[in-house]
Every structure is written in C-alpha cells, then in structure tokens.
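Please read the structure below before turning to the comments.
The values are calculated or read from the model by the stated rules, or taken from the named source; none is laboratory data. Note that the coordinates shown come from a computational prediction; the quantities given were computed from them, not determined experimentally. Positions of Cβ are generated from backbone atoms using ideal geometry, with glycine treated the same way; all protein chains shown enter the neighbour counts.
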C-alpha cells in the first residue's frame, strides 16, 4: 500500500467552516485579461507569419533550426500536455489519490536513456519531415501509408477530445451552462486555426513556451490561495483520505483500478510512444543535432515532472479546501462526482479578480497547446505522405506554402466539427482518453518498434499485428460494456495492446509471404481473419458466461 499522503487532518476542520467566501464568477477585469491573452497569441502568430515570408514550406513546418534547447524542450512538453492533463491531474488526485502521479514520475529515469540514446539517433540518421518516411525505408511504402492513416485518425480523435474538454472546463470557469460548450468549442478552435495556419511551427513553438508559463502560473496561484485560506500548509496532511480507494503497489487481480506497477507501465509506454509521435519527430528535426535533441528531451521530461508535481499538489489542496468548506461546492454535487471540474470551478469562484482571468487563460492555453501542434503535424503528414508523394506538386514554393496554410485551416475546421460530436463516452477524463486515443498510441509505437527491432518483420505481419492489437484492444477497453463484467484496469490497456501487437507481428512474420502465390496469400489472410474472429468469440462467450 502507498504511504499516506493526503486528506486526514482536513476532516477535523470540516466542521469549523462550511462555506468560504466566493465570487459569482469572472469579473469584467478577468474577461479583459482573457481577451488580452488571446490577442497576444494571435499577434505572435501574425509576427511569425510576417517573419516567415519568403521562406520555404520546409521552414514553415520545421522552423529555421535556430531554436534553443529550452524552446524545443518546452514546446515538446506543451505539445503533449493538454486540457486532459491540466484537469485530469487534479481530478485524479481528488477522486482516487496519488497512485497515478507516482506511476508517472517513477518511469522518467528509465525512459530517458531509451529516448535519448536509442530512438533519437535512429530517427535523426535521416533528415526527414515525416516519421512515415522513416517507416518506408524499413518496412516499405504500404506501411508508410498505413502509419500515416493511423496518425490522421488518432490525431483527429485527440484534437476533438482536447477541444471538447477545454470547452467543458471553460464553461465552468466562465459560468456558462453546458449548452454553451459547442459555441466555446467553435471560438477556441477558430483561434487555434488562425495562429497555427499563419505562423507555422515557429508560431506554434513560441506560443507553446508562453503557454507553459501561463499553465504553471495557474497551478501555483491556486496553491497560494488555498495556503492563504488555511493560514499555512495545513491542507497537506499525513493521512490517507477516506474518499480514496485502495491503491496497492501490486496486485494479482488485474481488475483493481490502479496499482503502482500498472500506473508505471502505462506511463512508460505512453512516454516512449509520445517520443516517436510525429509532433515530437518534427521537434527533433528542428534541432541542430542529436545532442541538442537529447537536451531538449531532458527539458521536456523535467517540465513534465515539475508540472505534474504541482498538479498533484493542487488536487490535494483542493480536496482539503472543499472538505473544509463543503458549502462552497455547487449545489447537488459531491467532491467525487465533480472532481474533474473542481479546478476550473475554484478558478472562477475563489481566485482574486484578475488572477481568475489569467488562470482561465491557462485552461484555454491547455486546450490550444496540443491542438495547434497536432494541426501543424497533421498538415505535414497530409502534404508529405499523400499529396506530394503522389507527385502532385505546386509550381512554385510560394504556391506550396499557400497550399500548406490552407490545408492547416481545413484540418482545423474538420477537427472543430468532429469535436462537437464528442461527449458520450463514460468515465472521468483519464478513463475517457484510455478508451479512445490511447487505443492508437501503442499501435503507432508498435510499428516503430517493429521497424527498429525486427529485421525479419514483413509488411503483411505488421499490418496484421495492428489489426489484432486494435480489435483485441477494443475488447479490453470496452469489456464492461460488452460483457457486463468488470474489466482489467485502464492502466493496463496500452501495455496489453502493445504486447498483443508485438506477439502477433513476430509470429506472423514467420510466414514466408514473399514466396506465397496469390492463392496462398488469400488463404493466409482468410486464416488470420478466421482466427481473430474465433478468439473474439471465445473470449466474449467466456466473459458473458461468468
């Protein structure tokens, strides 16, 4: 069992006061701060577009390689950070305790050597724009196309979720009803589309550095205010909070929601997978050499550690705050049911005038950060791996760049439309992402690992490894929905999907498909399809029969 880290002493103070003084919502000054922040990032996008005039499409997507390691590293972190992280960090701590936080920070010293001294050198041997060019050199053009298609699908879902969660949080912070979420989504999406399309990667990276400091300021401000209300650090107690479920270090029961080992495995797979994501590959290529790329990764991981530590502390502080002042919660809500929205609610109702606006800007920044980078990378993949790869080129560099800008606009519009359809998946922010975008993350990592580790891997085997991983991954992720029985912990989804994919790819690679006639190839395909159907049928029948 984990050591006690939160709650306890706060409960004894709960009877002292039931309601803290609070404001009705954002003041006009807060709105002014928020508008000023939006104007600032649009100005940065416009300045980057002016500075980029006359530069090539490659520079539009990779920058001019004059960025410092600090800028690249912060940008790498903020690209992977999002509203999901900004809200799920405190929300997870409030509702379930510190297990997820411990798992996320324990893996950092172990994943850096893999990223810095293995993945980065392997990828930077070729000065590529797209990760999928690398896959083609190892596994052929069909896998390049498949990987690019997976990225497009995965990032579309990712960006839609980010926009939806950001709009959800902002509706709470701004004091709007849930009916306002679609309108907030459209406005937020429009801002991201404009500055991303105007300034390219240069604008994205510069704005991400600004967003990092705004995000960090938001959590520090919340900690300061709670500490002032408690006249010190009484919110940080030494007892396990009664509302938290048990979080053992290890359990043979895979259905336990979270264990330290499970959280660490999940975070390790996620960190390594993120390191071979197209958004990160562009940052490597924006570096001058491998040494600078490694320094940037250190900064990214350090930023990750600092930010997640503060987010965990904010969750602990807000849990103590609302247990001491339960009357300050919205009517007909509880700490557990409202955990993911407590942070934005606190921002709107407890922070001083002016400060609330700046922290609301931090939530807006969290929603924009991942989306802006993803739109830029999405455009790279579409242009590089589909359009120009087919020999479709604009006559001049100016026309190519203009097309790239229009493509970024179009992608952003599609994502905004898709985001309006999100919201029907059950679970808190962490669990929702585990059932959606994290189905794709281990599959993309599996393709890269096959390219790097399996010299005997064939495109046929890689394809079927993805199919087996995806189908069985859906079975794992939606086990409760499909069978009515409790499934394995969400922290084990990604390790299990990756394991299934790698085993399937290894075994199917033993088939000598290069020597197969058309008839044998069709027979092998039919056999693998029938085998997958049989596995799914048997597993489902076993699960529903329990």
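Do we find that residue 300 is within 23 Å of the chain's Cα centre (by Cα) and either closer than 30 Å to residue 403 by Cβ or buried (at least 19 other Cβ atoms within 10 Å of the Cβ) (or both) in this structure?
It is true that residue 300 is within 23 Å of the chain's Cα centre (by Cα) and either closer than 30 Å to residue 403 by Cβ or buried (at least 19 other Cβ atoms within 10 Å of the Cβ) (or both).
Conditions tested, residue by residue: (1) surrounded by fewer than 20 Cβ atoms within 10 Å (Cβ to Cβ); (2) at pLDDT 85 or above; (3) within 19 Å of the chain's Cα centre (by Cα).
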| site | (1), (2), (3) |
| --- | --- |
| 307 | no, yes, yes |
| 320 | no, yes, no |
| 350 | no, no, no |
| 359 | no, no, no |
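Among the residues that make up region 180-194, is at least one of them surrounded by fewer than 16 Cβ atoms within 10 Å (Cβ to Cβ), within 20 Å of residue 36 (Cβ to Cβ) and touching a residue at least 60 places away in the same chain (Cβ under 8 Å)?
Looking for residues that are surrounded by fewer than 16 Cβ atoms within 10 Å (Cβ to Cβ), within 20 Å of residue 36 (Cβ to Cβ) and touching a residue at least 60 places away in the same chain (Cβ under 8 Å), one finds at least one in region 180-194, hence yes.
Within the group 252, 240, which residue is more than 29 Å from residue 300 (Cβ to Cβ) and surrounded by 19 or more Cβ atoms within 10 Å (Cβ to Cβ)?
Only one candidate qualifies: 240.
Output yes when any residue across region 292-301 is touching a residue at least 12 places away in the same chain (Cβ under 8 Å), assigned by TED's automatic domain parsing to the domain that holds residue 154 and not in a helix (DSSP H, G or I), and no when none is.
Within region 292-301 (the criterion being touching a residue at least 12 places away in the same chain (Cβ under 8 Å), assigned by TED's automatic domain parsing to the domain that holds residue 154 and not in a helix (DSSP H, G or I)), the answer is no, since none of the residues qualifies.
Please pick out the residue among 135, 153, 201 that is crowded, with 21+ Cβ neighbours inside 10 Å and either under 28 Å from residue 30 (Cα atoms) or at pLDDT below 85 (or both).
Result: 201 is the single residue among 135, 153, 201 that is crowded, with 21+ Cβ neighbours inside 10 Å and either under 28 Å from residue 30 (Cα atoms) or at pLDDT below 85 (or both).
Being more than 14 Å from residue 451 (Cβ to Cβ) and either in a helix (DSSP H, G or I) or outside the structural domain of residue 490 (by TED's automatic domain parsing) (or both): is that true of residue 94 here?
The answer is yes for residue 94.
Could you please let me know if residue 417 is closer than 23 Å to residue 31 by Cα and either at pLDDT 75 or above or in a helix (DSSP H, G or I) (or both)?
Considered against the rule, which asks whether it is closer than 23 Å to residue 31 by Cα and either at pLDDT 75 or above or in a helix (DSSP H, G or I) (or both), residue 417 comes out as no.
I need every pair where a residue in region 405-418 that is within 12 Å of residue 185 (Cα to Cα) has its Cβ under 7 Å from the Cβ of a residue that is surrounded by fewer than 18 Cβ atoms within 10 Å (Cβ to Cβ), sequence separation at least 6 or different chains.
Partner pairs satisfying both residue conditions: 416/186.
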